[in-house]
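All remarks here apply to the structure that follows.
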Amino acid sequence: MKIDSTISAIVTGGASGLGEASARALAAKGARVALFDLNEERGRRVAEEIGGIACVVDVSDEASVDAGFAKAREAHGQERVLVSCAGIGTIGKTTRRDKETGEISHLPVDLFLKTLRVNLVGTFQCVAKSAAGMMTLEGLEDGERGAMVCTASVAAEDGQIGQVAYAASKAGVAGMTLPIARDLMSEGIRINTILPGIFNTPLMAGLPEKAQQSLAAAVPFPKRLGAAEEYAALVMMMVENGYFNGATVRLDGAIRMPPK
């Protein structure tokens with residue numbers, strides 16, 4: 001799909017990090033971009049800089065998602081591109097024994113469910129609703145109506161200690177990619193998923209410098225954190241290359257995460 005001013009796009013989690021970089025890459029080629037994010041102030045600032053619009057959206061809430069799509073489509077028309085980056089990171093072991101008291105506890109089920117609702121259900125909601133809208137469009141070259149890119153994580157394949165909820169949610173995103181591609185194949189809509197490794201995002205920037213250096217050193221090559229622009233470059237390739245479909249691709253400098 002050629003990205004230009006005729007193309008409307010929606011990026012969830014578009015106010016920062018991987019989502020922001022993707023939104024900027026799409027806008028740089030002329031696309032009309034709507035950002036879905038809970039951070040209203042940051043979303044508005046990024047939208048102003050790229051000539052797009054910001055929509056305050058909680059991807060885990062269906063009514064909020066519906067309102068976001070309505071606002072984006074009213075402003076830009078039906079989107080042909082969806083990039084799903086919204087997500088949360090949660091930490092907690094399945095069960096743990098307190099070293100001092102010996103007390104045994106488990107990960108709160110509510111936290112596990114919240115992680116699934118945001119990362120997995122939130123991604124599915126946006127994909128399903130976007131695809132339904134794309135189905136109303138006329139096909140472009142090869143009958144293509146739209147393209148979607150989702151964000152999982154290398155944790156989907158090698159989750160670490162304390163990542164049970166996060167890894168499960170991201171494995172779900174990776175696991176639904178091919179079935180969705182097959183569900184949509186007769187409608188000319190493509191979907192792919194990226195499994196990013198350790199990237200230099202605002203979340204990572206909050207860690208101590210020593211911790212960041214240690215993480216960077218663990219990457220086989222290049223020995224550094226990934227840049228959000230590198231993620232966005234793969235997003236653009238997946239969107240623009242019409243033969244890219246149903247794939248889950250690691251973008252990680254060849255890292256394989258150890259148990260901890």
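Could you list which residues have their amide H under 5 Å from that of GLN78, counting only those 5 or more apart in sequence or on another chain, with H placed in the peptide plane?
Excluding prolines and chain starts, which carry no amide H, there are no hits.
How large is ³J(HN,Hα) for each residue in region 95-105, as worked out from phi by the Karplus curve 6.51 cos²θ - 1.76 cosθ + 1.60 (θ = phi - 60°), to whole Hz, x for Gly and Pro?
9, 8, 10, 5, 5, 8, 9, x, 5, 9, 9
Between region 105-137 and region 218-233, what is the C-alpha centre distance in whole Å?
Answer, in whole Å: 27.
If a paramagnetic tag sat 7 Å from the Cα of MET237 along the Cα-Cβ line, which residues of region 125-142 would have the backbone N under 16 Å from that point?
Under 16 Å, as judged by backbone N against the label point of MET237, lies no residue of region 125-142.
As I understand it, the value is the acute angle between the Cα axis of helix 122-134 and the longest principal axis of the Cα atoms of the chain; what does it come to in degrees, rounded to 10?
The answer is roughly 10 degrees.
Pop a pseudo-label 7 angstrom from the Cα along the beta-carbon direction at both ALA75 and GLU209 and give the gap in nm to one decimal.
If labels sit at ALA75 and GLU209, their model points lie 3.8 nm apart.
Antiparallel versus total DSSP beta bridges in the chain: what percent is that, nearest 5?
Working: 3 of 32 bridges.
Expressed as a percentage, antiparallel bridges in the chain total about 10.
Apply the Karplus parameterisation 6.51 cos²θ - 1.76 cosθ + 1.60, with θ equal to phi minus 60°, to every residue of region 73-89 and state each ³J(HN,Hα) to the nearest whole Hz, in sequence, with x for glycine and proline.
These are the phi-based 3J(HN,Hα) values: 6, 5, 7, 10, x, 5, 6, 9, 10, 10, 10, 9, 10, 5, x, 10, x Hz.
Taking the Cα-to-Cβ direction at ASP98 and at LYS114 and moving 7 Å from each Cα, how far apart do the two end points lie in nm?
Each label point lies 7 Å from its Cα, and together they span 2.1 nm.
Treating the angle as unsigned and between 0 and 90°, give the value, to the nearest 10°, between the Cα long axis of helix 228-240 and the longest Cα principal axis of the chain.
With both axes taken from Cα atoms, the answer is about 40 degrees.
Give me, ordered by chain and number, the residues 5 or more places off PHE199 or on other chains with an amide H under 5 Å from its own placed amide H.
GLY226
In region 1-45, which residues have a backbone nitrogen under 13 Å from the label point lying 7 Å from GLU138's Cα in the Cα-to-Cβ direction?
Hits in region 1-45 for GLU138 at 13 Å: none.
Counting each DSSP H run of 4 or more residues in the chain as -39500 (n - 2.57), what helix-only mean residue ellipticity at 222 nm follows after dividing by all residues, to the nearest 500 deg cm²/dmol? Intermediate results must be reported in sequence, preceding the final value.
Working: 10 runs with 109 residues, N = 260.
That comes out to -12500 deg cm²/dmol.
Specify the residue with the greatest mean-square fluctuation among GLU187, GLU229, GLU49, computed from a Gaussian network of the chain linking alpha-carbon atoms under 10 Å apart.
Ranking GLU187, GLU229, GLU49 by mean-square fluctuation puts GLU49 first.
Taking H placed 1.01 Å from N in the peptide plane, check which residues at least 5 places from THR248 or on another chain put their amide H under 5 Å from its amide H.
Long-range HN contacts for THR248: THR193.
Identify all aspartates and glutamates with a Cα-Cα distance to LYS71 below 20 Å; exclude those on the same chain that are fewer than 8 residues away in sequence.
Cα-Cα hits under 20 Å: GLU20, ASP37, GLU40, GLU41, GLU48, GLU49, ASP58, ASP61, GLU62, GLU79.
What is region 103-190 by shape, rounded, prolate or oblate, if you read a ≥ b ≥ c off the alpha carbon gyration tensor as root eigenvalues and call it rounded for a/c under 1.5, prolate for a/b larger than b/c, and oblate otherwise?
Details: a/c = 4.33, a/b = 2.61, b/c = 1.66.
Judged from the Cα gyration tensor, region 103-190 comes out prolate (a/c at least 1.5, a/b above b/c).
Given springs between every Cα pair under 10 Å in a Gaussian network model of the chain, which of GLU141, GLU40, GLU103 has the largest fluctuation?
Sorting by GNM fluctuation, first place goes to GLU103.
Among all the lysines, which ones have a C-alpha under 21 Å from LYS99's C-alpha, if same-chain residues fewer than 8 places away are not counted?
LYS260
Which one of ASP158, ASP142, ASP66 has the biggest mean-square fluctuation once the chain is modelled by GNM with Cα springs under 10 Å?
Looking only at ASP158, ASP142, ASP66, the largest GNM fluctuation is found for ASP142.
In Å³ and rounded to a whole number, note down the convex hull volume per residue for the Cα atoms of the chain. Before the final figure, lay out the partial values.
Values: hull volume 33.4 nm³, N = 260.
Value for the chain: 129 Å³ per residue.
All of the numbers you see were taken from the coordinates with simple rules; none came from a lab. Note that the structure is predicted; figures quoted are calculated from it, not measured. Cβ atoms come from the backbone with ideal geometry, glycine included; neighbour counts cover every protein chain shown.
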